[in-house]
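J.: The structure under discussion is supplied below as structure tokens; questions concerning it will follow.
The values are calculated or read from the model by the stated rules, or taken from the named source; none is laboratory data. Here the structure is a predicted model, which is why all the values come from computation and not from measurement. Here the Cβ positions follow ideal geometry from the backbone for every residue, glycine too, while neighbour counts run over all protein chains shown. Surface areas here come from the heavy atoms of the whole protein model, side chains and all, with no ligands, DNA or RNA. Shrake-Rupley method; radii C 1.70, N 1.55, O 1.52, S 1.80 Å.
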Amino acid sequence: MVIRVGVLGARGRMGAEVCRAVEGADDLELVAALDHGDALDGLTEAGAEVVVDFTHPDVVMGNLRYLVEHGVHAVVGTTGFDAARLDTVRSWQAERPGAQVLVAPNFGIGAVLMMHFATKAAPFFESVEIVELHHPNKADAPSGTARRTAELVAAARAEAGTDPSPDATSQEIPGARGADVEGVRVHAVRLSGLIAHQEVLLGGHGETFTIRHDSMNRESFMPGVLLGVRRVADLPDRLTVGIESLLGL
Ligand SMILES: NC(=O)C1=CN([C@@H]2O[C@H](COP(=O)(O)OP(=O)(O)OC[C@H]3O[C@@H](n4cnc5c(N)ncnc54)[C@H](O)[C@@H]3O)[C@@H](O)[C@H]2O)C=CC1
Ligand SMILES: O=C(O)C1=N[C@H](C(=O)O)C[C@H](O)C1
């Protein structure tokens, strides 16, 4: 059966790539490709069953509310989701059953594995810090992936009873030590020529362990996006964060 797919942010870097990927898949049909200024009713009028959102953190919640209210499944790559936003989505879903939502900070298979391995490794090392590196047109810092990695790492360390990373800094130019995300330092680099990259640096007694992932192009996210489109309607939870469970992790 063919799934009817709509794309929000269709003229953007990611949205355009998603449109190409959907058009290239035999089991998917691109029925709506909307961008800034287009009415969301174009999605329902086109009969979209699943909508992919790669827009902007400032507008994604409005889009998602529309989709949930209209019973359209959503696959969301746009960043900016914290616990409060996720709770808000759950409250909309409670009011209006039907729409399933998948929010993933990163659809790259390697990036998901990086987060997974970092979470596993984090309790075994005294220190952990994250460096994310992206193209300079990125709207948010730190990246959604880095925030999510820091949250997962912090939770794993808390569960294992690992002490906070040691840090004797007493003098600092503000920002030099990066952002503090649940006790994990996150550093954001913005550099022309880059796409999306992240290193998780772990340090212990006389050894370091670095986990690095590189997205060389935006095609790298498409297998994960298409997996989400194909599976979102049947996921066990109405709101799923990350594609880890879809990969069996
Ligand atoms: N989860 C993942 O794997 C990935 C997530 N992202 C995230 O996706 C988002 C978009 O990234 P890019 O494509 O690089 O940005 P972009 O700026 O190239 O594209 C965003 C597009 O959304 C459009 N837009 C803005 N408001 C809109 C609205 N209300 N309705 C419809 N379209 C609207 C813009 O006109 C633009 O064409 C960011 O939050 C980024 O961090 C990016 C890459 C991978
Ligand atoms: O804006 C981007 O480009 C990316 N955004 C996502 C994020 O913020 O983690 C995913 C990937 O890093 C690319």
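J.: Taking just the alpha carbons, could you work out the radius of gyration and Dmax for region 1-62, both in angstroms?
T.: 11.0, 34
J.: With a 1.4 Å probe and all protein chains in place, put D214, D237, D58, D53 in order of accessible area, largest first.
T.: Largest accessible area first, the list is D58, D237, D214, D53.
J.: If you restrict to DSSP beta bridges whose two residues both lie in the chain, what percentage is antiparallel, to the nearest 5?
T.: Looking only at bridges with both residues in the chain, the antiparallel portion is about 40 percent.
J.: Return the long-range amide H neighbours of V76 (sequence gap of 5 or more, or a different chain), with a cut-off of under 5 Å between placed amide H atoms.
T.: Answer set, sorted by chain and number: D53, L102, V103, A104.
J.: With each label point set 7 Å from Cα along the Cα-Cβ vector, what nm distance links E182 and E159?
T.: Reported label-point gap for E182 and E159 is 1.0 nm.
J.: Quick one: pull the percent of accessible area on the chain belonging to carbon and sulfur, 1.4 Å probe, ligands and nucleic acids left out.
T.: The value for the chain is 51 percent carbon and sulfur by accessible area.
J.: Also: Can you find, among G242, Q198, A99, the residue sitting farthest towards the positive end of the charge dipole of the chain, where Lys and Arg contribute +1 and Asp and Glu -1 at Cβ?
T.: Selected residue: Q198.
J.: How large is ³J(HN,Hα) for each residue in region 209-215, as worked out from phi by the Karplus curve 6.51 cos²θ - 1.76 cosθ + 1.60 (θ = phi - 60°), to whole Hz, x for Gly and Pro?
T.: 9, 10, 10, 10, 10, 10, 9
J.: While we're on this one: Based on the Cβ-Cβ distance from A168 to E207, what FRET efficiency comes out when R0 is 22 Å, to the nearest 0.05? Numbers along the way, then the final one.
T.: Numbers: r = 20 Å, r/R0 = 0.92.
So the FRET efficiency works out to roughly 0.60.
J.: A follow-up question, please. Accessible area per residue for region 109-215 in Å², computed with a 1.4 Å probe and the full protein assembly in place, what is it? Working shown, then result.
T.: Numbers: 5610 Å² over 107 residues.
Here the per-residue accessible area is 52 Å².
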